[in-house]
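Shown next, in structure tokens, is the structure this report addresses.
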Amino acid sequence: MNGPIIRPYRPADAIGLATLFHRAVREGAAGKYDCEQRQAWSPEPPTNADWRARVEEAETIVAERDGRLLGFMTLDMDSGYLDFAYVAPEVMGQGVAAALYAVIEGRARVKGLPRIDTEASLLAEPFFRRRGWQLIKRQQVERCGVKIPNAVMEKRLVPRPVAP
């Protein structure tokens, strides 16, 4: 099997990425979140203008193979916030997220960002830890009246100065 093609987001990707996001939450996160939490997190694929703005205003990269969307990540190049990091459930654990992440971190470094941060799901937290991210705090976000745990994490890209 050939590796995925990593490419920039195109406006025509919006609906397909919304569906991928929804499937990743509803199916892919089933081992870490219960049905009520996944339903609250993504009641349906997001297709509103807010969704489009979030993926179009960020640095969004997409993984595809044979024209099929496999995953995507978004990074705000001003703040360093990694907003979305999702792969299709059927390709989880096959290196798609790693390929996307390598590009995102590389672009953040080229831009000179001192750090990148995210709110990682319980599913994504080990992925980020393996790449040198640090846990800042655990939190619970509320969606539709349901509490969903996640981890606020960061990765310093510029070494902190050593105190004399």
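Annotations
- Furthest towards positive pole of dipole, TRP51, ILE61, GLY95, structure part the stretch 5-114, Cβ charges: GLY95
- Summed side-chain charge close to ARG52 - residues other than ARG52 whose Cβ falls under 14 Å, Lys, Arg +1, Asp, Glu -1: -3
- Residues in the stretch 61-84 reached by a label modelled at ASN2 [backbone nitrogen below 15 Å; 7 Å Cα→Cβ]: 63-70
- Listed by Cβ neighbour count within 10 Å, with the fewest neighbours leading, LEU122, LEU82 appear as LEU122, LEU82.
- Exposure proxy order (Cβ contacts within 10 Å, fewest to most) of SER121, SER79, SER42: SER79, SER42, SER121
- Net charge of neighbours whose Cβ lies under 12 Å from the Cβ of ASP78, counting Lys and Arg as +1 and Asp and Glu as -1: -2
- Signed unit charges on C-beta, dipole axis of the chain, positive-most listed residue VAL152, GLY31, TYR9: VAL152
- Distance from the C-alpha centroid of the stretch 1-37 to that of the stretch 76-101: 9 Å, rounded to the whole angstrom.
- Trypsin sites (Lys or Arg not before Pro) within the stretch 19-90, DSSP loop, no more than 16 other Cβ atoms inside 10 Å: LYS32
- Within straight-line cross-link reach of LYS147, lysines at Cα separation under 29 Å, skipping those fewer than 8 residues along the same chain: LYS32, LYS137, LYS155
- Charge dipole magnitude, Cβ of K and R +1, D and E -1 - the stretch 5-114, Cα centre, debye nearest 20: 280
Read-outs throughout are calculated quantities, based only on the coordinates presented, and are distinct from any laboratory measurement. Every value quoted in this text rests on a predicted model; they were computed, and no experiment measured them. So basically every Cβ, Gly included, is an ideal-geometry build from the backbone, and we count neighbours across all protein chains shown.
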